[in-house]
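Report on one structure; see the data block that follows.
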Amino acid sequence: MVSFFTNLINGLSLGSIYAIIAIGYTMVYGIAKMLNFAHGDIIMVGAFIAYTVISTFKLPVWLGIVAAVIVCTCLGVAIEKIAYKPLRKASSPLAVLITAIGVSYFLQNSALLIFGSDPKMFSSVVPFGNLTIGPLQIPGTTIVSIVVSLVLVGALQLFINKTKPGQAMLACAQDRDAASLMGISVNGTITLTFAIGSAMAAIAGVLLCSAYPTLSPTTGAMPGIKAFVAAVFGGIGSIPGAMIGGLLLGIIEILSRSYISSQLSDAIVFSVLILVLLVRPTGIMGKVIQEKV
Amino acid sequence: MAMLKVTDLKVNYGIIPALKGISFEVNEGEVIALIGANGAGKTTTLHTVTGLIPSAGGKIEFLGKDITLTPPHQIVKMGMAHVPEGRRVFPDMTVYQNLMLGAYTRKNAAEKEASLELVYSRFPRLKERTKQLAGTLSGGEQQMLAMGRALMSHPRIILMDEPSMGLSPIYVNEIFDIIEKVSSEGTTVLLVEQNARKALSIADRAYVLETGSITTIGQADALLHDDAIRKAYLGE
């Protein structure tokens with residue numbers, strides 16, 4: 001029973017990291033109407049920046065995190081401006097999708113060139129060790145991941161519901177032309193969305209590598225795909241959906257790794273996705289789109 | 001000087017010309033009706049004026065400034081509001097949130113509050129439903145919300161695209177009463193309508209659009225009694 005609760009908490013922790021990444025995916029999809037497959041690699045860039053600042057330059061941890069957030073925010077905005085914006089009016093949505101895959105490879109190979117292929121040992125940014133609650137031993141990183149993701153989601157909800165730029169994001173997600181007729185700059189709003197999503201990805205990268213400390217240029221690929229699955233699972237375009245999808249995915253992954261098979265855990269995760277989509281094609285929180293007659 | 005002056009405006013959809021060089025003027029305080037059949041280019045005209053569609057030639061001037069290449073969100077700031085065809089309210093947001101988005105370009109909180117009160121007094125039904133999601137309103141209520149939202153920007157000119165479309169006769173009358181009231185309070189109106197009789201009855205002047213060209217210009221009263229217009233657009 002104790003081990004079950006430990007697994008559940010580990011699952012929640014991994015799930016909350018997936019949730020942070022998935023929210024970035026889902027926001028960009030909701031507002032820019034594109035799947036940013038390079039989103040996972042932003043995580044890797046964030047982790048490498050934090051690693052360089054903290055382990056190579058021996059600077060304080062907080063500075064490493066701030067640097068990762070700043071670099072990833074700028075990177076996300078730059079990618080959007082250079083690679084995606086010129087294709088926004090392209091006749092086929094495939095053009096931007098393929099570009100996103102290209103950007104993903106570009107980021108991975110740039111990291112390979114700069115940092116080399118041998119994995120780095122990322123030292124956890126969490127300054128305290130295990131916490132003992134009754135019979136449970138919970139790693140500090142686990143608790144920090146859960147708390148940070150809750151704070152980020154709460155702050156994001158406040159931002160979206162209570163501020164003007166947040167309302168502009170909601171408006172753009174629902175009807176871009178109508179939003180521009182309100183005086184909202186659609187391009188500016190899309191840029192802001194990429195900035196927020198990438199900043200969150202940087203934090204996710206630092207948390208992920210604190211929990212699973214091997215860092216290499218492909219570190220972001222699998223979590224990126226999992227977060228995409230989480231976003232679809234929860235209903236792509238929905239922030240609460242991405243949160244729930246991420247948490248469920250983390251829990252399913254850890255539980256199947258512990259009780260069924262560590263090799264099959266990814267296969268089980270994707271099977272669950274297929275089952276969910278068979279029953280609810282728009283995801284858990286997704287809206288049923290009605291065909292207009 | 002005309003408030004809105006469109007000169008030789010051309011728009012193409014791919015290789016198909018939608019507007020073949022139209023010119024018209026709207027003076028301050030006027031109600032101008034743009035009438036014509038389905039597919040004549042009425043909605044295209046409005047979309048091009050507010051910058052949603054790029055033009056292929058010609059010039060659009062608003063308050064003496066060339067806005068041909070200005071993006072929509074900046075045109076709104078200059079004092080032009082556009083109530084699009086099919087209302088286009090934000091369905092997953094409340095009536096209040098929709099209205100506040102209408103005032104997106106305005107900074108002064110007190111002025112926004114005053115506009116909100118004005119809109120609520122003009123559309124009491126919206127006030128009853130402030131917290132309701134816009135997508136759950138009836139068609140007529142959504143049209144009122146779209147108009148109220150446009151008025152929240154305190155525009156100098158308001159462009160309305162088919163405000164009566166799909167509404168019951170009671171709502172149609174109510175909507176046209178409101179357009180007259182908005183006009184009498186000093187807002188210039190450019191009205192696109194298929195309901196030509198209603199449009200001409202409240203307009204000062206009118207332009208008739210046929211397959212991308214303006215074919216008739218005249219005083220609205222005169223057009224209401226013009227035999228050709230009566231046959232073609234008033235169903236007589």
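Annotations for the structure displayed:
- For region B:106-113, the count of residues that are out of contact with any Cys (no Cβ under 6 Å at 6 or more places or on another chain), under 23 Å from B:V192 (Cα atoms) and more than 8 Å from chain A (Cβ to nearest Cβ) is zero.
- From the options A:G237, A:G246, residue that is under 24 Å from A:P281 (Cα atoms) and within 14 Å of chain B (Cβ to nearest Cβ): A:G237
- Number of the condition not met by A:A231 [criteria: (1) modelled with pLDDT under 95; (2) surrounded by fewer than 24 Cβ atoms within 10 Å (Cβ to Cβ)]: (2)
- Answer from A:V69, A:V45, A:V28 - the residue that is of a type outside the set (K, R), surrounded by fewer than 24 Cβ atoms within 10 Å (Cβ to Cβ) and part of a helix (DSSP H, G or I): A:V69
- Some residue of region A:249-259 being small (G, A, S) and either more than 23 Å from A:S145 (Cβ to Cβ) or under 11 Å from the mean Cα position of the chain (by Cα) (or both): no
- Test for B:G135: is it within 14 Å of another protein chain (Cβ to nearest Cβ), within 17 Å of the chain's Cα centre (by Cα) and more than 12 Å from A:L181 (Cα to Cα): no
- Region A:196-215, residues that are more than 13 Å from A:V66 (Cα to Cα), in contact (Cβ under 8 Å) with a residue 40 or more places away in the chain and open to solvent by 20 Å² or more (accessible area, probe 1.4 Å): A:I196, A:A211, A:P213, A:T214
- Residue within region A:97-117 that is open to solvent by 80 Å² or more (accessible area, probe 1.4 Å) and in a loop (DSSP other than H, G, I, E, B) present: yes
- Tabulated pairs, region A:98-117, first under 10 Å from A:A38 (Cα atoms) and in contact (Cβ under 8 Å) with a residue 60 or more places away in the chain, second assigned to a helix (DSSP H, G or I) and not aliphatic (A, V, I, L, M), C-beta under 6 angstrom, 6+ apart or interchain: A:S104/A:D41; A:L107/A:D41; A:Q108/A:D41
- Filter result for B:A2 (crowded, with 23+ Cβ neighbours inside 10 Å, in a loop (DSSP other than H, G, I, E, B) and among the hydrophobic types (A, V, I, L, M, F, W, C)): no
- Restricting attention to region B:1-50, the residues that are within 14 Å of chain A (Cβ to nearest Cβ) and under 14 Å from the mean Cα position of the chain (by Cα) total 7.
- For region A:165-179, a residue qualifies if it is facing chain B (nearest Cβ under 7 Å) and either free of Cβ contacts under 8 Å to residues at least 12 places away in the same chain or not in a helix (DSSP H, G or I) (or both), and the qualifying residues are A:Q167, A:L170, A:Q174, A:D175, A:D177, A:A178.
The values are calculated or read from the model by the stated rules, or taken from the named source; none is laboratory data. Only a predicted model underlies this, so the values are computations on that prediction, with no experimental measurement involved. Cβ sites come from the backbone with ideal geometry, for glycine too, and all protein chains shown count toward neighbours. Heavy atoms of the whole protein, side chains included, go into the accessibility calculation; ligands, DNA and RNA do not. Shrake-Rupley method; radii C 1.70, N 1.55, O 1.52, S 1.80 Å.
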